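Engineer: Can you read through this structure? Questions will come right after.
The values are calculated or read from the model by the stated rules, or taken from the named source; none is laboratory data. All of these numbers come straight from a predicted model, not from anything done at the bench. Please note: Cβ atoms are built from the backbone with ideal geometry, for glycine as well, and neighbour counts cover all protein chains shown. For accessibility, only protein heavy atoms count, side chains too; no ligands or nucleic acids. Shrake-Rupley method; radii C 1.70, N 1.55, O 1.52, S 1.80 Å.
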Amino acid sequence: MDVSADQPIFVISVAAELADMHPQTLRQYDRLGIVSPSRAPGKSRRYSQRDINMLREVQRLSQEGVSLEGIKRILELENQVAALQSRVSELTEELGRRRQPLDARIFAAGAAGDVVSLARGQRPRPRSQAVVLWRPRAIGR
């Protein structure tokens, strides 16, 4: 049986034992929003393996002298960093799908002197066939 790290399976007494904490400490962390487990239909707390790992990290930081508010802020920032890293990965993949290989992109001077992107083997239009979208008016007319 394959169990996800996010699956809430541990009741508070088991989670407290796995994290080497008192159940009341887990309740306090839940009230403070430091580690908020899922709730079963009967409103009892259910902890996942990810929650247990987070409780262990909270305990480590606390033993190093970090306040509970500091721990909460550290965890919030770590979650933001993870979300941003995930978004960067998504955007990088999308960019890779959209981007043409560099050797397939050709640039040339257009009829109006601007830079245009062309497909391989294509030439820019001669000035006589160029489509003029905007032409400056002479001053005084």
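Engineer: Every residue in the stretch 33-50 that is charged (D, E, K, R) and either outside any helix (DSSP H, G or I) or at pLDDT 95 or above (or both), please.
Structural biologist: Here is the first cut: in the stretch 33-50, the residues charged (D, E, K, R) are 39, 43, 45-46, 50.
Arg39, Lys43, Arg45, Arg46, listed by residue number.
Engineer: Kindly evaluate Leu84 against the criterion of being open to solvent by 80 Å² or more (accessible area, probe 1.4 Å) and out of contact with any Phe, Trp or Tyr (no Cβ under 6 Å at 6 or more places or on another chain).
Structural biologist: Details: open to solvent by 80 Å² or more (accessible area, probe 1.4 Å): yes; out of contact with any Phe, Trp or Tyr (no Cβ under 6 Å at 6 or more places or on another chain): yes.
Judged against the criteria, Leu84 is a match.
Engineer: Name every residue in the stretch 61-100 that is hydroxyl-bearing (Ser, Thr, Tyr) and assigned to a helix (DSSP H, G or I), in order of residue number. Break it down into steps so the answer makes sense when it comes.
Structural biologist: Kept after step one, since they are hydroxyl-bearing (Ser, Thr, Tyr), are these residues of the stretch 61-100: 62, 67, 86, 89, 92.
Selection gives Ser62, Ser86, Ser89, Thr92.
Engineer: Let me ask another. Please verify whether the stretch 16-26 includes one or more residues that are in contact with a Pro (Cβ under 6 Å, 6 or more places away or on another chain) and assigned to a helix (DSSP H, G or I).
Structural biologist: First pass over the stretch 16-26, keeping only residues in contact with a Pro (Cβ under 6 Å, 6 or more places away or on another chain): 16.
Narrowing further to those that are assigned to a helix (DSSP H, G or I): 16.
Yes, there is a match, as at least one residue in the stretch 16-26 is in contact with a Pro (Cβ under 6 Å, 6 or more places away or on another chain) and assigned to a helix (DSSP H, G or I).
Engineer: Condition first: in contact with a Phe, Trp or Tyr (Cβ under 8 Å, 6 or more places away or on another chain), open to solvent by less than 50 Å² (accessible area, probe 1.4 Å) and over 30 Å from Ser117 (Cα atoms). Can you find one or more residues in the stretch 11-18 that meet it?
Structural biologist: There is at least one residue in the stretch 11-18 that is in contact with a Phe, Trp or Tyr (Cβ under 8 Å, 6 or more places away or on another chain), open to solvent by less than 50 Å² (accessible area, probe 1.4 Å) and over 30 Å from Ser117 (Cα atoms).
Engineer: Right, next: Quick check on the stretch 41-74: of everything there that is open to solvent by 20 Å² or more (accessible area, probe 1.4 Å) and among the small types (Gly, Ala, Ser), which residue is farthest from Ile9 (Cα to Cα)?
Structural biologist: Gly65
Engineer: Would you mind finding the one in Arg99, Arg125 that is surrounded by 10 or more Cβ atoms within 10 Å (Cβ to Cβ), modelled with pLDDT under 70, of a type outside the set (Asp, Glu) and farther than 30 Å from Tyr29 by Cβ? Quick ask: steps written out before the conclusion?
Structural biologist: Working: Arg99 fails: modelled with pLDDT under 70.
Sole residue among the options that is surrounded by 10 or more Cβ atoms within 10 Å (Cβ to Cβ), modelled with pLDDT under 70, of a type outside the set (Asp, Glu) and farther than 30 Å from Tyr29 by Cβ: Arg125.
Engineer: On to the next question. Give all pairs with beta carbons closer than 8 Å in which a residue from the stretch 31-42 that is without any contact (Cβ under 8 Å) to a residue 40 or more places away in the chain meets a residue that is open to solvent by 70 Å² or more (accessible area, probe 1.4 Å) and among the charged types (D, E, K, R); count only pairs at least 6 apart in sequence or on separate chains.
Structural biologist: Pro37/Arg46; Ser38/Arg46; Arg39/Arg46; Ala40/Arg46
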